[in-house]
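The values are calculated or read from the model by the stated rules, or taken from the named source; none is laboratory data. This is a predicted model, so every value here is computed, not measured. In this analysis, Cβ positions are derived from the backbone assuming ideal geometry, glycine residues included, and neighbour counts consider all displayed protein chains.
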Amino acid sequence: MPDEQWFYCLKHHKVEPWDGCRSADRLGPYPDQETAARALEIARERTEAADRADREWAEKGSDRDPD
């Protein structure tokens, strides 16, 4: 079913459908079970990319004119 959404439950460490645990305890939605199973890996990759972008911005500085 293409409209299904899957989530990764941080409390139980498992993939679950929409009617699983409360939203505060899970990551998602993801389009399929396989992607939801990679939720922690995806979150780590996104955090590393954001941290890299922050470091690059800090090194370069803002290009906005303060005047």
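Between a first residue in segment 1-26 that is free of Cβ contacts under 8 Å to residues at least 60 places away in the same chain and within 17 Å of A43 (Cβ to Cβ) and a second residue that is assigned to a helix (DSSP H, G or I) and among the polar types (S, T, N, Q), which pairs have beta carbons less than 9 Å apart while being 6 or more apart in sequence or on different chains? Note: pairs meeting the criteria are W6/Q33; W6/T35; F7/S23; V15/Q33. Of all the residues in segment 12-50, those that are in contact with a helix residue (DSSP H, G or I) (Cβ under 8 Å, 6 or more places away or on another chain) and loosely packed, with under 12 Cβ neighbours inside 10 Å number 0. Being at pLDDT 95 or above and not in a loop (DSSP other than H, G, I, E, B) is a description that does not apply to A58.
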